[in-house]
Amino acid sequence: MRPAWLQGLLSASTDPRAGGFWCWLPSRCAICQSWPQSPLCEACISHFAQPQHRCPSCALPLPHPERRCGTCLKSPPPLDLCLTATTYTWPWVDLIARYKFQQQPGWAMSLATLMLSTPLAEDLLDAADWVLPIPLSAQRLAERGYNQSWLLARQLSPHKADARLLLRTRDTPSQRTLPRAERLANLVGAFAVEPLRAAQLRGKMVVLIDDVMTSGASLHTAARVLRAAGAAKVSALVLARTEAGSDA
Ligand SMILES: [Zn+2]
Ligand SMILES: [Zn+2]
């Protein structure tokens, strides 16, 4: 017979992917396979998630700090600040696929910790009034069973995260193979603010959370909807950003 305290811990979660007690047991690093390590070891994080100078408006890498890229200078995006933890290349592509498509939501804690270590991320979240995930359509949510961006937002800022303020009003065809102009056209009318709560956005600072940023079409469309509802500032924090010209 197990003591009650141990029984409680074990029954809290018997699935390592769900986080909880089992997360505290030593494990193998998912990238370098070293043992015993946290699911993402320090050496891999410092090697594969090295901070680099990025455009503060679109998070694309830049040779110099604090300067916007040419595209953002010519046409400023609707985000006050855009931060990414990593570039969407190996090993993050594989890890995000496990998290998002292979029913492994337990990765949210480690991946959110990685996002928190992004320069300026903690300050941005501290200053925010709302931390809002990019919502999934009801159809996509039913297929996957969870919104990967909501799990990240909840880990990043448990008291400011809200999944019911920014809504997805309809499903959109897969964006993956479409050029940016078509992605934007696809998304017209796809987001809305919960009408009963619009006043809660007026004059507020919002941080949008997403797992992968490709063209920025979803983040930009959502940011415009939030600004139209009265949000004073809208920024974004994402887990991974594709490189210029590449697609997720
Ligand atoms: Zn490692
Ligand atoms: Zn830029």
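The values are calculated or read from the model by the stated rules, or taken from the named source; none is laboratory data. Not measured: the values here are computed from a predicted model. Cβ coordinates were reconstructed from backbone atoms using ideal geometry, including for glycine residues, and neighbour counts include every protein chain displayed. The area values use the complete protein model at the heavy-atom level, side chains included, leaving out ligands, DNA and RNA. Shrake-Rupley method; radii C 1.70, N 1.55, O 1.52, S 1.80 Å.
What the table below lists for this structure:
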{"item": "Pairs with Cβ under 7 Å, 6+ apart, first in the stretch 68-89 and more than 18 Å from GLN52 (Cβ to Cβ) and away from ligand 1 (no atom under 16 Å from the Cβ), second at pLDDT 95 or above and open to solvent by 20 Å² or more (accessible area, probe 1.4 Å)", "result": "PRO78/ARG224; PRO78/ARG227; ASP80/LYS233"}
{"item": "Boolean, THR84 is open to solvent by less than 20 Å² (accessible area, probe 1.4 Å) and in a strand (DSSP E or B)", "result": "yes"}
{"item": "THR172 vs. criteria within 20 Å of LYS100 (Cα to Cα), without any contact (Cβ under 8 Å) to a residue 40 or more places away in the chain, among the β-branched types (Val, Ile, Thr) and assigned to a loop (DSSP other than H, G, I, E, B)", "result": "yes"}
{"item": "Flag if ALA223 is in contact (Cβ under 8 Å) with a residue 60 or more places away in the chain and either among the small types (Gly, Ala, Ser) or outside any helix (DSSP H, G or I) (or both)", "result": "yes"}
{"item": "Conditions (1) exposed (fewer than 13 other Cβ atoms within 10 Å of the Cβ); (2) at pLDDT 85 or above; (3) more than 16 Å from ligand 2 (Cβ to nearest atom): number failed by PRO63", "result": "(3)"}
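Let's see how each residue does on (1) in contact with a strand residue (DSSP E or B) (Cβ under 8 Å, 6 or more places away or on another chain); (2) open to solvent by less than 30 Å² (accessible area, probe 1.4 Å); (3) among the aliphatic types (A, V, I, L, M); (4) under 19 Å from ALA236 (Cα atoms):
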| residue | (1), (2), (3), (4) |
| --- | --- |
| THR113 | no, no, no, yes |
| LEU120 | yes, no, yes, yes |
| ASP123 | no, no, no, yes |
| ARG154 | yes, no, no, yes |
| ASP162 | yes, yes, no, yes |
| PRO195 | no, no, no, no |
